[in-house]
Amino acid sequence: ETGVTQSPTHLIKTRGQQVTLRCSSQSGHNTVSWYQQALGQGPQFIFQYYREEENGRGNFPPRFSGLQFPNYSSELNVNALELDDSALYLCASTPDSMNTEAFFGQGTRLTVV
Amino acid sequence: DQQVKQNSPSLSVQEGRISILNCDYTNSMFDYFLWYKKYPAEGPTFLISISSIKDKNEDGRFTVFLNKSAKHLSLHIVPSQPGDSAVYFCAASLIDDNAGNMLTFGGGTRLMVKP
């Protein structure tokens, strides 16, 4: 059973650029959620995808968007990067949209300069 | 508006003693509470959870207590081991029409267990 994997592990981008982060969900899991963890804070919910549809969204602007593919892997896209977008981005998967015990990947550390 | 709070940013405990990590919440609609453990350069790892209809759940050295009237939960680790040194996050689950099944996290408590 493979766990949640994210790529890349580290990334440096310039303000104004666009970035795509990737996540492979745990085998058998059809629901993927994305979280942003700023330094010294807890993770904050960005959005959730269930069976390729956005199933819910936190308090993030539209320049944060996502996709889920038929194999349940997912992408997080961020347009017009701002310095405050620098954070650890975590992907979590659950067996279905109702399950609460999420399994997290190791995260992607994004630095915006 | 921080709905889940961990008021102690750090805690230091001697090996073999009890570690007690605390968490407060404001939203009475939360239906499930979870504790996650995080080592540097790793994602959070699920530790233990409790449903809002229960007041205690135990798993080995880890016990979570829920006091709904006080909107407070705590994680007890007995006995504490040096390998328990990590950042611990309290999280609450809410199924929201607008946000799906989201976890709301506290800010974390760094636990240091001294040998």
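Values as computed for the structure displayed
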quantity	calculated
Relative exposure of B:Ser51, A:Ser86, judged by other C-beta atoms within 10 Å (fewest first)	B:Ser51, A:Ser86
Isotropic mean projected area of the C-alpha convex hull, the protein assembly as shown (nm²)	12.3 nm²
Overall form of the range B:1-41 per C-alpha gyration tensor (a/c, 1.5; a/b vs b/c)	prolate
Global form of the range B:32-84, assessed from the alpha-carbon gyration tensor, a/c cut-off 1.5	prolate
Residues with amide H under 5 Å from that of B:Tyr32, placed H, sequence gap 5 or more	B:Ser52, B:Ser93
Alpha carbon centroid spacing (whole Å) that separates the range B:44-73 from the range A:61-113	27 Å
Per-residue average of Cβ from other chains inside 10 Å of A:15-21	0
Part-to-part distance (alpha-carbon centres) for the range B:1-41 and the range A:4-30, which is given in Å	27 Å
Antiparallel %, DSSP beta bridges [both residues in the protein assembly as shown], to 5	90 percent
Anchor B:Lys54: lysines whose Cα lies under 28 Å away (excluding residues fewer than 8 positions away in-chain)	B:Lys5, B:Lys37, B:Lys38, B:Lys68, B:Lys71
Dipole in debye (nearest 20) - chain B, about Cα centre, beta carbon charges: Lys, Arg +1; Asp, Glu -1	380 debye
Shape call, chain B: gyration tensor on alpha carbons, a/c limit 1.5	prolate
Cβ neighbours within 10 Å from other chains - mean over A:42-52	5
Coordinate range along principal axes, alpha carbons of chain A, Å, largest first	37, 25, 25
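Read the figures in this text as sums done on the coordinates, not as results from a lab. Owing to the predicted nature of the structure, the values given are computational and were not obtained by experimental measurement. Cβ sites come from the backbone with ideal geometry, for glycine too, and all protein chains shown count toward neighbours.
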